[in-house]
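The values are calculated or read from the model by the stated rules, or taken from the named source; none is laboratory data. Keep in mind the model is a prediction, meaning the values are calculated, not measured. A quick note on method: Cβ atoms are made from the backbone with ideal geometry, for glycine too, and the neighbour counts reach across all protein chains shown.
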Amino acid sequence: MIILGLKILLVVLALQGTVAYLIYIERKVCAYLQDRIGPNRVGWHGLLQPIADGGKLLLKEPFVPEGANKILFILAPAIAVFTTTIGFAVVPFGPTAPGDPSSFVIAPGIDVGILYVFAVSSLAVYAVILGGWASNNKYSFLGAMRSSAQLVSYEIPLGLSILGIVLIARSLNLEQIIAAQADGVWFIVYQPIACLLFFTSALAESNRLPFDLPEAEQELIGGYHTEYSGMRWAMFFFGEYTHMITVSFLTTILFLGGWDLPFVLSASSTGFLAGLAKMIVICVKAFSLILFMMWLRWTLPRFRFDQLMNLAWKVFIPLALANLLVTAVVVHVLRS
Amino acid sequence: MKPDDPNIHWVQEPKLGLLDKLYLPAVFSGLGITGKHLAQKKVTVQYPDEPHVSPDPLKYRGVHRLNRDAEGRVKCVACFLCATACPAHCIDIVAAESPWPDREKYPEVFVIDELRCIYCGMCEEACPVDAVELTSMYNMTGKSREEMVFDKEKLLSVYDATKDTEPMRSKGFRLEAGPASAHGREKGSGVFCQDGPEGASHKRLPTPFLGQEGHG
């Protein structure tokens with residue numbers, strides 16, 4: 001129990017530190033893609049920038065606008081952090097063994113793992129909607145409305161796209177999905193369309209460009225978090241980046257073989273060192289995906305709202321359904 | 001203009017093929033473009049640490065200077081053309097009878113309000129004797145508004161500080177032959193203009209001297 005508590009503490013702290021530095025990396029990536037240098041004043045190459053930013057945000061006034069619903073206004077950022085963080089609970093960030101205290105997951109062996117992640121991460125929309133509504137600001141409200149429409153629409157292709165994986169792996173358990181790919185073929189080979197759909201829908205889910213309409217600066221100032229300041233604003237940021245981390249881990253687990261590294265690490269290699277190596281492999285994969293998301297963000301223009309909706313309902317959902325149908329037929333034929 | 005006007009050339013939107021409709025080729029080519037910039041030379045100038053170098057100091061419009069002639073006298077003949085041309089009305093001249101025989105007037109007072117100035121360079125364009133010029137100095141500071149109102153002495157001192165690094169922007173004429181300046185910044189007919197840099201030093205000013213200097 002104590003070990004679990006320590007593990008949870010460690011994971012949460014690691015997540016927060018990672019998020020802080022992801023923001024730094026994002027700024028650096030953005031700068032380099034635009035021929036700039038990026039933050040380089042605080043510490044060596046600006047490495048202390050996140051700490052300075054954190055300090056600044058802590059000292060800022062947490063302002064509550066007039067006419068805002070105070071309870072919901074304060075609650076919303078907490079929901080953003082809470083939902084995205086507990087979503088990470090079942091995500092294995094290294095090899096797991098039931099009962100082994102050193103396994104790299106907080107809640108090992110959850111049989112509905114992926115359903116749990118989806119259920120919890122779609123709760124994040126509450127943070128956005130409540131935050132936008134409670135602010136008593138039309139920009140916040142518009143951002144929240146867009147966000148709800150967007151999240152509800154992209155939940156569907158997100159869920160449909162992984163059904164093929166579930167059919168092939170015969171499990172919703174994330175660890176077993178990785179096991180099905182270990183020493184075999186990564187699911188991206190079987191399900192390239194699903195991978196594309198999943199990753200794109202995940203971008204929309206986590207409000208990343210090119211789908212960042214809920215916080216489109218040019219139209220909505222800050223979107224749903226226009227009225228937020230200080231640490232409350234930072235918590236929304238934290239939620240968004242944690243979501244990015246979770247989504248990257250999920251993509252890695254579902255499509256890129258998790259900690260599987262062909263010809264180097266085999267599923268049979270056990271022990272703490274092998275476990276550590278596997279953890280590094282999965283983290284590197286997830287981190288590359290995060291970098292890719294940042295690269296995308298600083299490359300693509302934002303979608304228009306009708307384009308966004310058309311993409312979800314007219315392209316992604318039919319494609320995901322077709323993909324599911326074909327997968328089901330092939331799996332059935334091959335297994336019977 | 002009506003929509004059926006024969007002068008209107010209607011352009012059809014290009015029809016997108018299946019590949020284009022997938023967005024993906026465009027996305028990846030876009031990623032390629034931004035990816036290329038990752039390794040490109042950065043354009044950032046770390047300003048306080050490394051000085052900003054103007055690509056052409058002779059075209060930069062910074063602090064004014066009042067040029068001296070070969071004998072060290074102020075070149076200005078107090079004709080008021082600069083003050084007339086100035087759209088910001090920041091030049092204030094009081095003319096007096098010249099103590100020298102080769103001209104009638106000279107400026108007893110010549111004041112430019114550097115805070116009011118919009119650095120358009122029209123005083124430089126207007127000056128018939130190339131007395132007032134803009135320099136490439138941009139880092140001027142002052143602790144009060146009064147300090148930023150530059151009088152004749154201060155403007156002459158700008159000339160003294162910049163004459164070695166920045167030659168005259170155009171060739172002086174009428175009052176003196178003067179050493180040929182660099183850079184043909186065309187004025188008037190162009191008869192007096194010289195093309196090509198002649199010993200033009202494009203170096204930047206070594207120090208932000210205005211910040212160090214005492215009060216004007």
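Summary of computed values
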| read-out | value |
| --- | --- |
| Segment A:283-308: number of residues that are farther than 24 Å from A:Gly94 by Cα, of a type in the set (A, V, I, L, M, F, W, C) and at the interface with chain B (Cβ under 10 Å from one of its Cβ atoms) | 5 |
| Counted residues, segment A:27-63 - those being under 16 Å from A:Ala234 (Cβ atoms) and away from chain B (no Cβ under 14 Å) | 15 |
| Residues located in segment B:111-142, provided they are assigned to a strand (DSSP E or B) and farther than 20 Å from B:Arg169 by Cα | B:Val111, B:Asp113 |
| Residue in segment A:73-80 that is within 30 Å of A:Tyr126 (Cβ to Cβ), modelled with pLDDT under 85 and touching a Pro at 6+ places or on another chain (Cβ under 9 Å) present | no |
| Filtered residues of segment A:327-336 (kept if farther than 22 Å from A:Ile253 by Cα and either of a type in the set (Val, Ile, Thr) or within 13 Å of chain B (Cβ to nearest Cβ) (or both)) | A:Val329, A:Val330, A:Val333 |
| Those helices (runs of 4 or more DSSP H) lying entirely in segment B:1-104 with at least 3 residues surrounded by 15 or more Cβ atoms within 10 Å (Cβ to Cβ), away from chain A (no Cβ under 14 Å) and in contact (Cβ under 8 Å) with a residue 40 or more places away in the chain | B:81-85 |
| Pairs with Cβ under 8 Å, 6+ apart, first in segment A:1-30 and without any contact (Cβ under 8 Å) to a residue 24 or more places away in the chain, second part of a helix (DSSP H, G or I) | A:Arg27/A:Gln49; A:Lys28/A:Gly46 |
| Scope segment A:19-73; condition assigned to a helix (DSSP H, G or I), surrounded by fewer than 16 Cβ atoms within 10 Å (Cβ to Cβ) and of a type in the set (A, V, I, L, M); matching residues | A:Ile51, A:Ala52, A:Leu58, A:Leu59, A:Ile71 |
| Matching option when the condition is surrounded by 18 or more Cβ atoms within 10 Å (Cβ to Cβ) and assigned to a loop (DSSP other than H, G, I, E, B), among A:Thr299, A:Thr246, A:Thr327 | A:Thr299 |
